[in-house]
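**Q** Take this structure, written in structure tokens, and hold onto it; I'll ask about it next.
The values are calculated or read from the model by the stated rules, or taken from the named source; none is laboratory data. Keep in mind that this is a model prediction, so the values were computed, not measured. With ideal geometry, Cβ positions are generated from the backbone for all residues, glycine too; neighbour counts draw on all protein chains shown. Surface areas here come from the heavy atoms of the whole protein model, side chains and all, with no ligands, DNA or RNA. Shrake-Rupley method; radii C 1.70, N 1.55, O 1.52, S 1.80 Å.
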Amino acid sequence: MSVRGLWVIRKCKGSAPNYEILFSRRFPSVERRGRHAKGVNPEKFLPLPEDTVIGDEVVTRCCETDEQFTEERDDCAIVNQKPVYSLCSGKLWPVVCIEKNGLVFCAVALVESFVDDKSDLLDIPGVPVALSLLESVAELLGPNTEALSQSNPKISELYQYICVVAPFGTLLDNNITTTKFLLANGYPQGPMPRQKVPAWRPVACKGSSKLILSIKEQISTMQYDNSNTPDAGEISGSIICKAELDGCPDVQLILSVPSGYSPLDNFVIHSCVTSADTNPIMMQVRAHHINWTWNIHGYSDVKSQVSFLTFARAIYSV
């Protein structure tokens, strides 16, 4: 029950663009969940377009105006499901859009399962969540919106409000009274931790210390059985470190390549690694006591390439 993005738009009279985007917030983690959700085809998944595209589509298709007939909005063949709309030629759906106090509030709900019939909105929990979030945002900004701009303190307060009520795009509590109290007084203060701990592991590890190092090798080859065509191959591998240590020490890993062998290249390092030396002969990584992954790929002639496990000798120190 999350939203992929949230926008606050003001309609303007005059030449194009006839709108102003006052607030824009996207949630990349929710976007990845939608792309890899069960039953969703990644090739047909439409990422959130630029803010200008969102503004054009919302003003054209979702806003009530007295302008001339617009086929994309006023055609009789279009099924009206207000406040849920379909944008970008039907590829971006469901988009929840409401108008209040001279502003347009828009949110794209997350669909985590395949929906065959778009008319059954009750099967999509993200739609009522997005509507509830937009209603609370409209109540927070209040009725006096004529002087609102991107630099207005109300917009800055809205950013803080979204971080509290919908962290990472998931609605937790949209009670404005409670949220304003937290923003004004802060969270209850507790004793500061002695050491900096990762956000994904706030509780210190207790018990016996463990450091698990897993090295995996994968060899893909193509043998032509022809003296004129050399055999080709690809050697890749990954190193996974799982550390359950008392406190929060750094874990250092050093990979060295024996002389006379091809150096390691094409490193893919996990974001948990705090620092890394990208020297192709010897690489040293340092990370906090967390789980992290390191992928290594090497390309060479299979006949002359030494096994990945032979030269990936790991020496770790805590």
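**Q** Give the long-range amide H neighbours of Leu245: residues separated by 5 or more places, or on another chain, with amide H under 5 Å away, using H modelled in the peptide plane at 1.01 Å from N.
**A** Excluding prolines and chain starts, which carry no amide H, the hits are Lys210.
**Q** Per-residue counts of other Cβ atoms within 10 Å, averaged by peptide: what ranking do you get for 94-105, 210-221, 26-37, highest first? Could you put the intermediate results ahead of the total?
**A** Values: 94-105: 20.3, 210-221: 12.0, 26-37: 16.2.
By packing density, highest mean first, the sequence is 94-105, 26-37, 210-221.
**Q** I would also like to ask the following. For each pair in Lys44/Lys216; Lys13/Lys100; Lys44/Lys242; Lys82/Lys154; Lys154/Lys180, compute the distance between the two Cα atoms and list the pairs where it is over 24 Å. Let's see the in-between values first.
**A** Details: Lys44/Lys216 33 Å; Lys13/Lys100 17 Å; Lys44/Lys242 36 Å; Lys82/Lys154 28 Å; Lys154/Lys180 12 Å.
In this structure, Lys44/Lys216; Lys44/Lys242; Lys82/Lys154 exceed 24 Å between Cα atoms.
**Q** So, one more: With every protein chain present, what accessible area does Leu131 have (1.4 Å probe, heavy atoms only), rounded to the nearest 10 Å²?
**A** Number for this one is 60 Å².
**Q** Order these peptides, 41-48, 238-245, 145-152, by their mean beta-carbon neighbour count within 10 angstrom, highest first. Spell out each step's value before the answer.
**A** Values: 41-48: 10.9, 238-245: 18.1, 145-152: 12.4.
Most protected by this proxy first, the peptides run 238-245, 145-152, 41-48.
**Q** Once you place label points 7 Å from the Cα toward the Cβ at Phe181 and Gln252, how far apart are they in nm?
**A** 5.0 nm
**Q** Give me the one-decimal nm value for the distance between modelled label points at Asn228 and Leu46, 7 Å along each residue's Cα-to-Cβ direction.
**A** 5.2 nm
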